[in-house]
Each structure stands twice: as structure tokens, then as C-alpha cells.
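Written below as C-alpha cells is the structure these notes are about.
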Amino acid sequence: MAARLLSRTDRLLDTAQNALETVFGSPRAERPNPGAGEPEVVLEDVERRHAAGLMRINHVGEVCAQALYVGQAAVARDAATRDHLLAAAQEETDHLAWCAERLQELDSRPSLLNPLWYAGSYAIGALAGLRGDGWNLGFVVETERQVEAHLDEHLVSLPAADGRSRAILAVMKADEARHAANAEQAGARILPPPIPTVMAAASRLMKTVAYRL
Ligand SMILES: [Fe+2]
Ligand SMILES: [Fe+2]
């Protein structure tokens with residue numbers, strides 16, 4: 001009983017630490033920033049603002065990924081699933097840090113609504129997790145596939161001269177595809193309709209708002 005209470009308290013503290021670090025801290029990447037090798041080209045103001053809008057969306061996406069995975073891990077039944085989710089969250093930290101760095105280079109800032117995005121995604125992750133570990137992993141697959149699709153759109157939409165952002169997104173896209181494949185291998189279930197459609201609608205709303213705010 002005491003052990004269970006302790007592990008619950010541990011998880012709560014882990015969540016609080018991840019939330020604060022993700023939203024208010026400056027998470028550190030373990031891998032070097034893929035954009036660092038690309039020349040910094042001075043963009044026209046309109047282009048710079050557009051690139052910043054897209055990178056803000058990607059940064060919010062990574063805030064949501066942290067929250068989803070930590071939320072799901074908090075209710076995961078199986079230790080292997082929990083480890084899988086927390087390892088994925090760790091890898092997303094690189095993406096989070098790279099997007100934050102690029103936003104700064106573009107003379108911009110992360111979304112003002114990040115605490116809200118984090119809280120909403122955490123709740124969604126925990127709800128998905130409560131349905132069981134197969135669903136939990138199915139949710140990871142669907143999320144990663146949707147992120148991969150929107151990274152594809154951004155790779156096309158970014159200003160041609162913005163090689164730095166493009167290099168970051170290309171590595172992120174490859175990582176997200178691997179995350180989805182790993183979750184599939186770990187026993188993900190395919191989510192039934194209308195869940196994928198609802199998730200896509202929520203992400204469209206997030207993208208519209210985060211481009212500006
Ligand atoms: Fe990511
Ligand atoms: Fe991912």
C-alpha cells in the first residue's frame with residue numbers, strides 16, 4: 001500500500017517536473033541541432049514570420065507530444081509500455097529544443113498558450129491510456145503518423161531559403177516515422193473511427209491558433 005502510494009507520488013512529481021521543464025524551462029537536446037550546419041540566410045520579413053509561424057506550430061506539437069506521452073505513461077499498466085512511452089518522450093525533447101532554438105533564431109517565441117496545450121494533451125493522453133496498453137500504443141501510432149503528415153506539408157510550405165528549419169523538420173520526420181513503427185511493433189491496436197478524425201480536427205485547430213499565438 002505504502003509502495004503503491006509512493007509510486008503514485010513519484011509519477012505525479014515526474015509529471016509536474018516534465019510539465020514545468022517543457023513549458024517554462026529550456027529543455028536540452030542530446031543530439032546536435034540538424035540546422036546548425038546550414039547557412040543562416042536573412043529572410044524577407046514576410047518569409048521570416050511565416051517560417052516562425054510554422055516552427056511555432058512544430059514547437060507546440062512537441063509540447064503536446066511530451067504531455068501525451070507523460071500522460072499515457074502515468075496510467076500505463078505494463079512497465080514495458082511505460083518505459084516505451086517515457087523513452088519516446090525523451091527523444092521528443094530533442095525536437096522540442098531544436099524548434100525552440102530555431103524560433104529564437106527567427107526572432108520569434110513559442111506559443112503563449114503552451115500551458116493550455118500541455119494540459120489538454122496530458123488529459124487526452126491519460127484518457128487514451130486508461131483504455132489499456134494496446135490502445136495507448138495505437139494512439140502513439142496515430143499521433144506520430146499525423147505529425148509526419150504535417151511535417152511533410154511544412155517542408156513544402158517553408159520559404160525556399162530557410163534551410164535551417166528544413167533540416168530540423170527532415171530529421172524530426174524520420175524520427176516520428178520510427179516512433180510510429182516502434183509502437184506498432186510493441187503491439188499497438190488500430191484506433192476505430194471517429195478517433196483518428198477527431199484527433200485530426202483537434203490538431204487542425206491547434207495549428208491555426210499556434211501559427212499566430
Ligand atoms: Fe517529435
Ligand atoms: Fe515522435
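Bear in mind that the values in this text are calculations on the coordinates, not laboratory data. Only a predicted model underlies this, so the values are computations on that prediction, with no experimental measurement involved. Cβ atoms come from the backbone with ideal geometry, glycine included; neighbour counts cover every protein chain shown.
Normalised by the number of residues in segment 67-213, the mean separation of alpha-carbon contacts (under 8 Å, six or more apart) gives a relative contact order of 29 percent.
Reported value for segment 131-213: 97 Å³ per residue, from the convex hull of its C-alpha atoms. Taking the three principal axes of the alpha carbon atoms in the chain, the coordinate ranges are 60, 34, 28 Å, sorted in descending order. Based on DSSP H segments of at least four residues, each scored -39500 (n - 2.57), the chain has a per-residue ellipticity at 222 nm of -27000 deg cm²/dmol.
Segment 176-213 and segment 26-85 have Cα centres separated by 15 Å. Here segment 56-164 was treated as a single set of alpha-carbon atoms; its pair distances binned every 10 Å from 0 give 15, 44, 29, 11, 2 percent. Annotation for segment 56-105: trypsin sites (Lys or Arg not before Pro) lying in DSSP loop with at most 13 further Cβ atoms inside 10 Å of their Cβ are ARG77.
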